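Presented below is the structure to which this report refers.
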Amino acid sequence: GDPPGDPPGQPLPVESRPFASYGSALHIALPRAPRAGQLLTVEIDYEAGEGPGVCWLAPEQTAGKQKPFMYTQGQAVLNRSFFPCFDTPSVKCTYSATVKVPEGFTAVMSATSWEKQKDNTFVFKMSQPIPSYLIALAVGDIVSADVGPRSRVWAEPCLIEAAKKEYDGVIEEFLAVGEKLFGPYVWGRYDILFMPPSFPFGGMENPCLTFVTPCLLAGDRSLVDVIIHEISHSWFGNLVTNATWGEFWLNEGFTMYAQRRISTEVYGSAYTCLEAATGRALLRQHMDNTGEDHPLNKLRVVIEPGLWGVNPDDTYNETPYEKGYCFVSYLAHLVGDQSKFDAFLQAYVNRFKFQSITADDMLSFFLEYFPELKEKGVDSIPGLEFDRWLNTPGWPPFVPDLTPGEQLMKPADELAELWAADSLNMEVIEAVDIVAWRTYQLIYFLDRVLQKSPLPEGNVERLSKMYPKISKAQNAELRLRWCQIVIKNNLEAEYGKVKDFLSSQGKQKYTLPLYRAMWGGSESARALAMETFSATAPQLHVNVRNYVKKILGLEVAE
């Protein structure tokens, strides 16, 4: 039919055709060829809910364990199983939705406005154009609490107090710094929804309403950098978007850079460099696991469409984040002046806002903005060519200087060295007071201990006794690393902690490394992997469950 409000249009012939292993194409035959620029209204009557983009959780998979919960996860190519759409980041549109839910449940969406009407019906509108992967819905027994002038936290009733305490007042500070650096925040509200523990990601930057893991409720605000990361997506990713998933680094590399700029303004450069060193260690670990020349270890990944094409969801790894961060840092290094580069970032956002772009668009704008660099031919400096950055796998040809973090890293390096010694010098060890160390200092220390593992006989047991702050931590980042150390040192006495941690949450970044470590470990570690998986499989997100099955060599149902 023509514009909405007209009498119902005529029925159209439709067919579903094969497209890729991760979705089919819906073909609709129009009665006559439309004119360029003509507005059409097509109404599609459909039913969804079985596909991977819509997650249905049983009560036992939630924090409260009383009522079921559902949520959608669109990134990268899953929203095609939630509603018919042009499921590519290169197309942006506004949307509206009317959602009716059972009594005792609340619906929330990534929308600029929502209102509750009678019969437990919620009406949502997103007034800014966004790509399909950012349309998100969650329904559950959830309540909210204000934590700032344009922010509230949403969570199950049993978590709302903890959520309010963790984030009261801090969100607005991060938003204000972001606006100062990158320009106006265009999305109106910035709310956070704490998901059930099985949510597979740290955060998903759905506009107006970031979905986050409950692992962030550490009780001491030590993991807020994840929130800074999601806030940074408000400019990089949500406002300026990669046109294809093969250039995901445009979303994530810029967001890592923006996150660390905000963190530097708020927490100083020593702390931020320490956090960045942790990120660099993850990239190193990833490249050691896959081999540097693995095709995923370049910024421009080839994702061929078609039935045999690579599923963009399976390309998720550290490279677009940390190697992407290094490339953006390299561009800043070429400019040589932080305030000039900050001004460039603001101009970049302003130039491409509400658009989807390629790396070539970004780089030509960079050279246009800095004609003096263009004249110097900075795009083809031997060994650091832009083309090499994009198309050659391997370690970044340039890494930013993290020396400001050394005042925090050095004591951690020295302490790890002491614990790796054949005979422990307890006098020197006891003189080091780690009580005042911040979470990232402890994380850095544990990363070093893990690198030096397995430690000499008996050392890990003593370390465990000496630092209950680490071995009995509730903080997910510390628990992950302690579990990795337990497995690497085959410390069977603490295997229970690995199983407990994997039972308490289902985040992909925690779950997969631990199963890889167990499967690559001793006979008893493999047994622990099987036992843990059979106990926890039902509570995992289907993608994560399948990735674990692959690690354990189990059959994956198509």
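Summary of computed values
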read-out: Which listed residue is assigned by the TED database to the domain that holds Val101, out of contact with any Leu (no Cβ under 9 Å at 6 or more places or on another chain) and open to solvent by less than 40 Å² (accessible area, probe 1.4 Å), from Val139, Val143, Val153; value: Val139
read-out: Hits in segment 226-282 (condition: of a type in the set (S, T, N, Q) and assigned to a helix (DSSP H, G or I)); value: Ser232, Asn251, Thr255, Gln259, Ser263, Thr264, Ser269, Thr272, Thr278
read-out: Any hit, segment 111-122, residues being of a type in the set (Phe, Trp, Tyr) and modelled with pLDDT under 95; value: yes
read-out: Within segment 500-525, tally of residues that are more than 22 Å from Gly458 (Cα to Cα), open to solvent by 40 Å² or more (accessible area, probe 1.4 Å) and either free of Cβ contacts under 8 Å to residues at least 40 places away in the same chain or touching a Leu at 6+ places or on another chain (Cβ under 9 Å) (or both); value: 4
read-out: Test: residue in segment 15-25 that is of a type in the set (Asp, Glu) and either at pLDDT below 95 or within 29 Å of Tyr316 (Cβ to Cβ) (or both); value: no
read-out: Boolean, Lys499 is closer than 30 Å to Gln441 by Cβ and under 25 Å from the mean Cα position of the chain (by Cα); value: yes
read-out: Residue among Met204, Met256 that is over 26 Å from Phe386 (Cβ atoms), buried (at least 24 other Cβ atoms within 10 Å of the Cβ) and of a type outside the set (Gly, Ala, Ser); value: Met204
read-out: Tabulated pairs, segment 470-485, first at pLDDT below 95, second open to solvent by 10 Å² or more (accessible area, probe 1.4 Å) and charged (D, E, K, R), C-beta under 6 angstrom, 6+ apart or interchain; value: Ala473/Arg479
read-out: Wholly enclosed helices (runs of 4 or more DSSP H) of segment 367-430 bearing at least 1 residues more than 22 Å from Asp447 (Cα to Cα) and either among the hydrophobic types (A, V, I, L, M, F, W, C) or open to solvent by 40 Å² or more (accessible area, probe 1.4 Å) (or both); value: 371-376, 386-391
read-out: Output for segment 219-235, where each listed residue is under 19 Å from Thr272 (Cα atoms) and either open to solvent by 20 Å² or more (accessible area, probe 1.4 Å) or not polar (S, T, N, Q) (or both); value: Asp220, Arg221, Leu223, Val224, Asp225, Val226, Ile227, Ile228, His229, Glu230, Ile231, His233
read-out: Lone unmet requirement of (1) under 25 Å from Thr315 (Cα atoms); (2) outside any loop (DSSP other than H, G, I, E, B); (3) at pLDDT below 90 for Gly51; value: (2)
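For (1) at negative phi; (2) surrounded by fewer than 20 Cβ atoms within 10 Å (Cβ to Cβ); (3) part of a helix (DSSP H, G or I), each residue gets a yes or a no:
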| site | (1), (2), (3) |
| --- | --- |
| Ala529 | yes, no, yes |
| Pro538 | yes, yes, yes |
| Asn543 | yes, yes, yes |
| Val548 | yes, no, yes |
| Leu554 | yes, yes, no |
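The values are calculated or read from the model by the stated rules, or taken from the named source; none is laboratory data. Quick caveat: nothing in here was measured; it's all calculated off a predicted structure. We place every Cβ from the backbone using ideal geometry, glycine too, and count neighbours over all the protein chains shown. For the accessible areas, the whole protein counts, side chains as well, though only heavy atoms, and no ligand, DNA or RNA atoms are used. Shrake-Rupley method; radii C 1.70, N 1.55, O 1.52, S 1.80 Å.
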